[in-house]
1. Within segment 123-156, which residues are at pLDDT below 95 and surrounded by fewer than 19 Cβ atoms within 10 Å (Cβ to Cβ)?
2. Within segment 65-83, can you find the residues that are crowded, with 24+ Cβ neighbours inside 10 Å and assigned to a helix (DSSP H, G or I)?
3. Suppose we keep only residues that are in a strand (DSSP E or B) and more than 8 Å from the ligand (Cβ to nearest atom) within segment 202-212. Which one would you say is farthest from the chain's Cα centre (by Cα)?
4. Is it the case that some residue within segment 228-239 is part of a strand (DSSP E or B) and in contact (Cβ under 8 Å) with a residue 40 or more places away in the chain?
5. Consider Glu70 carefully, then state whether it is under 22 Å from the mean Cα position of the chain (by Cα), among the charged types (D, E, K, R), within 12 Å of the ligand (Cβ to nearest atom) and within 30 Å of Pro240 (Cβ to Cβ).
6. Quick check: is even one residue across segment 112-131 within 11 Å of the ligand (Cβ to nearest atom), in contact with a helix residue (DSSP H, G or I) (Cβ under 9 Å, 6 or more places away or on another chain) and not assigned by TED's automatic domain parsing to the domain that holds Ile347?
7. Take Leu183 and tell me if it is at pLDDT 95 or above and buried (at least 19 other Cβ atoms within 10 Å of the Cβ).
8. In this structure, does His269 turn out to be in contact with an Asp or Glu (Cβ under 9 Å, 6 or more places away or on another chain) and more than 16 Å from the ligand (Cβ to nearest atom)?
Amino acid sequence: MIYLDNAATTKPCEEACAAVMQGLEMFGNPSSLHSLGFRAEKLISSARESIARSVGASPEEVFFTSCATESNNTAIFGAANSVGRHKKKIVTTTVEHPSVAVCCDRLEERGFDVVRIAPDANGIISAESIVSAVDDNTCLVTTMLVNNETGRVLPIEKAFSAIKKKFPRVLTHCDCVQGYLKLKIKFPKLFADMISVSAHKIHGPKGIGALIVKKGVHIPPYICGGGQEKGLRSGTESVPLICGFGAAVDRYSADISERYQKVSQLRTHLAHHCENTPGVYLYSDGDCSPYVSIIAVEGLKSEVLLHFLEEREVYVSSGSACSKGKKSAVIREFKIPQEHRDCVLRISFDSSNTLADVDSLFEFIKDAQKSLCKIK
Ligand code: PLP
């Protein structure tokens, strides 16, 4: 099989699977005062250190959550319920993942003034457009690093550094899910107060993520209870999933540049095929992460082509996995022409993919162009 849907999820690596088993065997409750609890807690500490190291944060800044969706909810509602008690403006973009966008919608219903920055005519969101929306009444700026549908990289460091210079008390949050361990992210250099990451996008297990919160930034918890994770996220820690997360991070932290180069070659090869295949268009350019590309195959409906490819054991996505077949507003926001919006496929690579995988994808796309009914 050829798996080209790595932005939806990745295959857990061997190291993560082995670490999950180890965490299952170490069944003590990390909060217990006896040695079984202590040993479980040691495993958690080691994973916490790995995740902190991977972004240049300190272990005390890493808070485990059940997924990036929870991390985003914690950051956004936390900001709204702290700084947002006095300042009612939130700045975000029109291309966020639903785990950010829907939180902002809920806060708008509660009376917050939500400003959503849209890409310009070329599909680009500039740092200036984000910064210029921030003012004295702003409690939070929440923007993603890499768009999950198009791969577009947003200028977060530039925007957040300018915002922090002018408005140091505004909280900055970045959803780093699609950039984590794919681009080099240094938490202190991003000028973010909080960043969200998820294990299953980096070959770890599903059901575990982290919110990294800058020392000195205090937000109220989203999930209350026994006070685990220093009170920010109660609930007995999932030792197995945390161990799997830590192992995946150790495995993929070391070779970010090498993998980036390899995936860039795959992207170049994909672009070459698009140029040489009539009716196929690439909508992700040089400002995009090579890991995620959006293409349109003129006249073939996304879902139809997706299933055609699936029958040949090639797995892609018809947009983001989270939109579950719903029409994507993000595709429209990025200015993909109306006539191509029903024809897009998201191709998302992993460094284990090969040039031959891309060749096979295009062989099958050409077969589909010959044999499938075209939409008007
Ligand atoms: N943010 C982005 C950009 C994503 O792509 C995703 C998942 O697709 C999420 C957040 C949610 O991550 P999780 O599945 O860990 O909740």
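The values are calculated or read from the model by the stated rules, or taken from the named source; none is laboratory data. Keep in mind the model is a prediction, meaning the values are calculated, not measured. Neighbour counts run over all protein chains shown; Cβ positions are idealised from the backbone, glycine included.
1. Across segment 123-156, the qualifying residue is only Ile124.
2. Ala68, Ser71, Asn72, Thr74, Ala75, Ile76, Gly78, Ala79, Ala80
3. That would be Ile212.
4. Among the residues of segment 228-239, at least one is part of a strand (DSSP E or B) and in contact (Cβ under 8 Å) with a residue 40 or more places away in the chain, which makes the answer yes.
5. Spelling it out, Glu70 is indeed under 22 Å from the mean Cα position of the chain (by Cα), among the charged types (D, E, K, R), within 12 Å of the ligand (Cβ to nearest atom) and within 30 Å of Pro240 (Cβ to Cβ).
6. no
7. no
8. Judged against the criteria, His269 is a match.
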